[in-house]
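Visitor: Take this structure first; my questions come after.
The values are calculated or read from the model by the stated rules, or taken from the named source; none is laboratory data. All figures in this text were calculated on a predicted structure; none of them were measured in a lab. Note that each Cβ is placed from the backbone with ideal geometry, even for glycine, and that neighbours are counted across all protein chains shown. Heavy atoms of the whole protein, side chains included, go into the accessibility calculation; ligands, DNA and RNA do not. Shrake-Rupley method; radii C 1.70, N 1.55, O 1.52, S 1.80 Å.
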Amino acid sequence: MAGALQAIIVPVTDFQQNCTILFDDETRAGVVVDPGGDADRIVAAAEEHGVTVGAIWLTHGHIDHAGGAMDLKDRLGVDIIGPHRDDGPLLAALEDQARMFGLTMAVRNVTPDRWLAEGDTLDLAGHTFEVLHTPGHAPGHVVFVDRAAQFVHVGDVLFSGSIGRTDLPGGDHDTLIASIRDKLMPLGDDFGFICGHGPGGRLGHERRTNPFLAGRL
């Protein structure tokens, strides 16, 4: 029987991206979501909490979320799962993204071991996560939904008081709003979320107060 789902947030790189370690508090089995970089810090956090990492999950292919995935894969010997294959071109150009941003950190292009699609499920020590395809911020963006825990990892689709940017290649504002309206909000107001940057929250609070969603839901 699964224990409670827990999360450790490890802000990584100059982007201060919320790399998240999700784990079961009984078995200490876990996954790393969106290792943008700083693999040493991620491994140290997992070891500090006694978490055994079984996989890397990616919400999308931007450098601040996937830039450290191959390094972490090599360190831990685990598979990279996700995102949707529509982000394949982004993952194949991570080294170009690094040069564009003038980054000095080590970045490698990513080849996932498994792509994800709408309706796929992932298991974490008895916790079932449903995959929803949520484009708009990035074409192949996915989110991870644990309905039993009323929790969703939304990546960069939604933030506390804001939404994902849509001015990067493959972004589209109307598509992002549709993803929030049609995929996230039907989960219910009581769902808590962790996002890619800054504090998380609850979907109901964002539905009622997020200025970027006013009149759009």
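Visitor: Give me the number: length gained by fully extending R85 to D113, i.e. 0.36 nm times residue separation minus the C-alpha to C-alpha distance, one decimal in nm. Write down the numbers at each step before the final one.
Guide: Values: separation 28, 0.36 × 28 = 10.08 nm, distance 1.12 nm.
Length difference between fully extended and current span is 9.0 nm.
Visitor: Could you work out what % of the accessible surface of region 41-115 is carbon and sulfur, using a 1.4 angstrom probe and leaving DNA, RNA and ligands out of the count?
Guide: Numbers: 1700 of 3470 Å².
Using a 1.4 Å probe with all protein chains present, region 41-115 comes out at 49 percent carbon and sulfur.
Visitor: HN-Hα J couplings of region 97-112 from phi, Karplus 6.51/-1.76/1.60, θ = phi - 60°, integer Hz, Gly and Pro as x?
Guide: 4, 4, 5, 4, 7, x, 7, 9, 5, 5, 10, 10, 4, 10, 10, x
Visitor: Just how far, in whole angstrom, is region 95-169 from region 7-38 if you go by their alpha carbon centroids?
Guide: Going from one Cα centre to the other spans 13 Å.
Visitor: Then there is this: Would you mind putting 161-168, 51-58 in packing order, based on average other-beta-carbon counts within 10 Å, highest first? Before the final figure, lay out the partial values.
Guide: Details: 161-168: 16.2, 51-58: 22.1.
Ranked by mean Cβ neighbours within 10 Å, highest first: 51-58, 161-168.
Visitor: How many percent of the alpha carbon pairs in the chain exceed a separation of 32 Å? Mind dumping the intermediate values first?
Guide: Numbers: 2558 of 23436 pairs.
Counting every Cα pair in the chain, those more than 32 Å apart make up 11 percent.
Visitor: Moving on. Do the sum for the chain: with -39,500 (n - 2.57) for every DSSP H run of n ≥ 4, divided by all residues, what is the mean residue ellipticity at 222 nm, to the nearest 500 deg cm²/dmol?
Guide: Working: 7 runs with 48 residues, N = 217.
So the calculated ellipticity at 222 nm is -5500 deg cm²/dmol.
Visitor: Using amide H atoms built in the peptide plane, which far-off residues or other-chain residues are under 5 Å from G3 H to H?
Guide: Distant-sequence amide H within range of G3: D25, E26, T27.
Visitor: Looking at the chain only, what percent of DSSP beta bridges run antiparallel? Nearest 5 please. Don't jump to the answer; show the numbers that get you there.
Guide: On the way: 27 of 40 bridges.
Of all bridge pairs located within the chain, approximately 70 percent are antiparallel.
Visitor: How long is region 113-202 along each principal axis, judged by its Cα atoms, biggest number first, in Å?
Guide: Projected onto its principal axes, the Cα set of region 113-202 covers 38, 31, 22 Å.
Visitor: What is the calculated FRET efficiency for E95 to R181, with r their C-beta to C-beta distance and R₀ = 35 Å, to the nearest 0.05? List each step's numbers first, then the result.
Guide: Numbers: r = 35 Å, r/R0 = 1.00.
Working from the Cβ atoms, E equals 0.50.
Visitor: Something else about it: With the crude spin-label approximation of a point 7 Å out along Cα→Cβ, what separation in nm comes out for T52 versus S160?
Guide: 3.4
Visitor: Enumerate the calculated ³J(HN,Hα) couplings along region 125-131 in order (Karplus 6.51 cos²θ - 1.76 cosθ + 1.60, θ = phi - 60°), each rounded to whole Hz, writing x wherever the residue is Gly or Pro.
Guide: Per residue, the Karplus-derived 3J(HN,Hα) values read 6, x, 8, 9, 10, 8, 9 Hz.
Visitor: Rounded to the nearest 10 Å², what accessible area does R75 show when all protein chains are kept and the probe is 1.4 Å?
Guide: Surface accessible to solvent at R75 totals approximately 110 Å².
Visitor: Would you please give the residues with an amide H less than 5 Å from that of L116, counting only those at least 5 places away or on a separate chain, with H modeled from the backbone geometry?
Guide: The list, which skips near neighbours in sequence, is G82, H84, R85.
Visitor: Spin-label point model (7 Å from Cα, Cβ direction): what's the F212 to Q16 distance in nm?
Guide: According to this spin-label approximation, the distance is 1.6 nm.
Visitor: OK, next. Can you give me the long-range amide H partners of T134? Hydrogens built in the peptide plane at 1.01 Å from N, cutoff under 5 Å, separation of 5 or more residues or another chain.
Guide: Amide H neighbours of T134, under 5 Å, 5+ apart: H141, V142, V143.
Visitor: Moving on to the next point. So how exposed is M105, as accessible area in Å² (1.4 Å probe, rounded to 10)?
Guide: Around 60 Å² of this residue is reachable by solvent.
Visitor: While we're here: Need the full-extension length gain, Q150 to T128, defined as separation in residues times 0.36 nm minus the C-alpha distance. One decimal, nm.
Guide: Details: separation 22, 0.36 × 22 = 7.92 nm, distance 1.14 nm.
Working it through step by step, the gained length comes to 6.8 nm.
Visitor: Give a residue-ordered list of calculated ³J(HN,Hα) values for region 195-209 (Karplus: 6.51 cos²θ - 1.76 cosθ + 1.60, θ = phi - 60°; whole Hz; x for Gly, Pro).
Guide: Working through the residues one at a time gives 10, x, 8, x, x, x, x, 10, 4, x, 5, 5, 4, 7, 10 Hz.
Visitor: What is the gain in length, in nm to one decimal, between D190 and H173 on full extension, counting 0.36 nm per residue of separation less the C-alpha to C-alpha distance? Please report the intermediate quantities before stating the final value.
Guide: Working: separation 17, 0.36 × 17 = 6.12 nm, distance 2.53 nm.
Stretched out fully, the D190 to H173 stretch lengthens by 3.6 nm.
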